[in-house]
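> Can you read through this structure? Questions will come right after.
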Amino acid sequence: MAGAIYFYACMVHDLRTIGEMNMGIKPTYIKALGIELLSSYGPRFSQDFDENKQIVSEVTTIESKRVRNRVAGYVTRKINTGRH
């Protein structure tokens, strides 16, 4: 039985890691912040992730680099797909 629990724990860890790497479903707070930034500062954003990352740093007080990058990635994806 202990082997089955260990196997299950490894599977859950692997699925969580894969999900974090792909970020297929973004958390609601990332989407809400991205939409708010696009409505307020839309013309400032471009199709380049690095430029958008810098703009997100300038117009927000996000201290976490990971959250800033997720927001910038969301904004970049919205602009590149024309869904903003």
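Bear in mind that the values in this text are calculations on the coordinates, not laboratory data. In this text the structure is predicted, and so the values were computed from the model without any measurement. Neighbour counts are summed over all protein chains in view; Cβ atoms, including those assigned to glycine, are modelled from backbone coordinates with ideal geometry.
> Would you order 66, 77, 44 from fewest to most other beta-carbon atoms within 10 Å of each residue's own beta-carbon?
Sorted ascending by nearby Cβ count, the order is 66, 44, 77.
> Still on this model: Could you derive backbone 3J(HN,Hα) for the range 32-40 from the dihedral phi with the Karplus parameters 6.51, -1.76 and 1.60 (θ = phi - 60°), listing whole Hz in sequence and x where the residue is Gly or Pro?
Karplus-based 3J(HN,Hα) across the range 32-40 equals 5, 5, x, 5, 4, 5, 5, 6, 8 Hz.
> Tell me, what HN-Hα J-couplings in whole Hz come from the Karplus equation 6.51 cos²θ - 1.76 cosθ + 1.60 at θ = phi - 60° for each residue of the range 73-79, using x for Gly and Pro?
x, 5, 4, 4, 5, 4, 5
> Ok, one more. What list do you get for 59, 75 if you sort them by fewest beta carbons within 10 Å?
Listed from fewest to most nearby Cβ atoms, that is 59, 75.
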